[in-house]
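Just so you know, all these numbers are worked out from the coordinates, no wet-lab data involved. Since the model is a prediction, treat every value here as computed from it, not as a measurement. So basically every Cβ, Gly included, is an ideal-geometry build from the backbone, and we count neighbours across all protein chains shown.
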Amino acid sequence: MPAHPGPKPTVKIYRWYLESLVEGGRQLRRVAIHPLPFRVGRLPSLSLTLPSESVSKEHAELFLRGGLLNVRDLGSKNGTFVNGERVGEAPLREGDILHFAQVEFRLGLQEIDREEERALEPSTVSLGDAKLPQQFLEGTRELPELLRERRVTTVFQPIVGLPSGERVGYEAFGRGRHPRLPEAPLELFQIAAAVGAEADLSRVFRERALELVESKGRMPAVFLNVHRAELETPDLVHALAAARHRAPDLRLILEVHEKDLSDMEILQRLSTQLRRSGVGFAYDDFGAGQARLLELALVPPHYLKFDKSFVHGIDSAPASRQRLLTSLVSVARDLLVQTVAEGIETAEEADVCMRIGFTHAQGYFFGRERPIEEI
């Protein structure tokens, strides 16, 4: 009998879109550039209607030439701009910032399959309810290139056991490596948030950290950070499980920030999936906002990392603060949770944390962040 044919492979294509910041910059609104040519202006019959007095009736159009997307100004009064430069006609690339007069958009590119493309029907879109213009953060144009080419690296800070001081693990910190973007992850995530790419940036940081760790060979435990936008993505646990499969001796711990502990259903599901995959998890910066004791009791982590605000100057702190910290560490110990004192900078702070009962410590006193080659 002839073999039963398998399912047809999904054909992936790419769709261009314009996105704008609306509602005071709190939300992104995307408009598919379909069909082409795609005309923009004040007239309600155009592909995209912008009811702004600064925009001409027929302002500009987007079209393909030689497989590349281009923009052409249609003789508008106030001009069409690409990355701040007025153009008559110009080729475009992902991440470009377009202005039709004063109205601002960012050009994006999205992977879709052939069926999704067939479902796209010609339509007209009006942004009459949008309070335009809004300014995209500097760097949103370059961010797709950083993500696509993975222009990031990772540095590692030691975590030690107490009281021995032996290095038992490292926390991985992502750093940018794009010449026109900041290096600091906080600034990069602010740019990513402007275009809804926080999960993508978090994933790229984690993938790079795992590549470096696996290339290093045998290492102690590795603590990996995750952005809250990734917590509900199925690829997160799958990627960690795959890394464990490639390196069975590698011990991974996923750090979840305290401010992300509000949804217990997500937290319990994530905890179960991680344990099944042989991956530990930690609550990071515990006490930075509020000490979430309910979450700690209902879904105890493997590690509880106390925010540096608890630890800084603990040796000279009032006795009441030391008693509070001692009580919290005692609660964690009763739940069989290992505790990490973050931000230790002096021998005196380290001594008090040992007396209080912390099982682990991290901070400049024990070592700064270093590239993989130096650990």
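Helix-only estimate, please: 222 nm mean residue ellipticity of the chain, summing -39500 (n - 2.57) across DSSP H runs of length 4 or more and dividing by its residues, to the nearest 500. Rounded to the nearest 500, it is -8000 deg cm²/dmol. By DSSP, the beta bridges lying fully in the stretch 144-374 are antiparallel in about 40 percent of cases. Here's how it looks for Thr339: its modeled amide H is under 5 Å from those of Leu304, Thr359, His360, which are all 5 or more places away or on a different chain. Comparing Leu336, Leu188, Leu68 in a Gaussian network model of the chain (Cα springs below 10 Å), the most mobile by mean-square fluctuation is Leu68. The Rg/Rh ratio of the chain, with Rg taken over Cα atoms and Rh as the Kirkwood radius over Cα pairs, comes to 1.07.
Ordered by the count of other Cβ atoms within 10 Å of each Cβ, fewest first, Leu186, Leu69 give Leu186, Leu69. Placing dummy labels 7 Å off each Cα toward the beta-carbon, the span from Ser309 to Thr346 is 2.1 nm. For the peptides 310-316, 365-371, the ranking by mean Cβ contacts within 10 Å, running from highest to lowest, is 310-316, 365-371. Extension gain, His245-Glu145: 0.36 nm per intervening residue step, less the Cα-Cα distance, totals 33.0 nm. Per-residue Cβ neighbour counts within 10 Å put Leu74, Leu21 in the sequence Leu74, Leu21, beginning with the fewest.
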